[in-house]
Amino acid sequence: MKNSANGLFKSKPTPEAKGDNTTRVAREIIDHEIAALAAKTNRLRQARLAKEASEPPAAAKPKKPARSRAKTSQAREKKSQPDGTS
């Protein structure tokens, strides 16, 4: 006297069904985390923009002069040529 229509005798879930359920739950968790990260990023961006708007603009720092570069390999080769001109 099986009465599967009423759910008295439930069939065992197949491994594919378990995998599908696990995948669905994992995707829900990941989607929730992505939404939370986007909300946090947006909240922090708004706070930064509000802070920058309330502060006066900072003066730009002057650039430092460029450091002199080391001699190139061509200059070294020219200096050490065996023609006796150096």
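The values are calculated or read from the model by the stated rules, or taken from the named source; none is laboratory data. On a predicted model such as this, the values are computed, not experimentally measured, just so you know. Note that each Cβ is placed from the backbone with ideal geometry, even for glycine, and that neighbours are counted across all protein chains shown.
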- Hey, does the range 58-75 have a residue that's at pLDDT 95 or above, β-branched (V, I, T) and either surrounded by 10 or more Cβ atoms within 10 Å (Cβ to Cβ) or not in a helix (DSSP H, G or I) (or both)? no
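Inside the range 1-28, can you point out the residues that are assigned to a helix (DSSP H, G or I) and either in contact with a Leu (Cβ under 6 Å, 6 or more places away or on another chain) or modelled with pLDDT under 80 (or both)? Outline the logic, then answer.
Here is the first cut: in the range 1-28, the ones assigned to a helix (DSSP H, G or I) are 15-28.
Within the range 1-28, P15, E16 meet the criteria.
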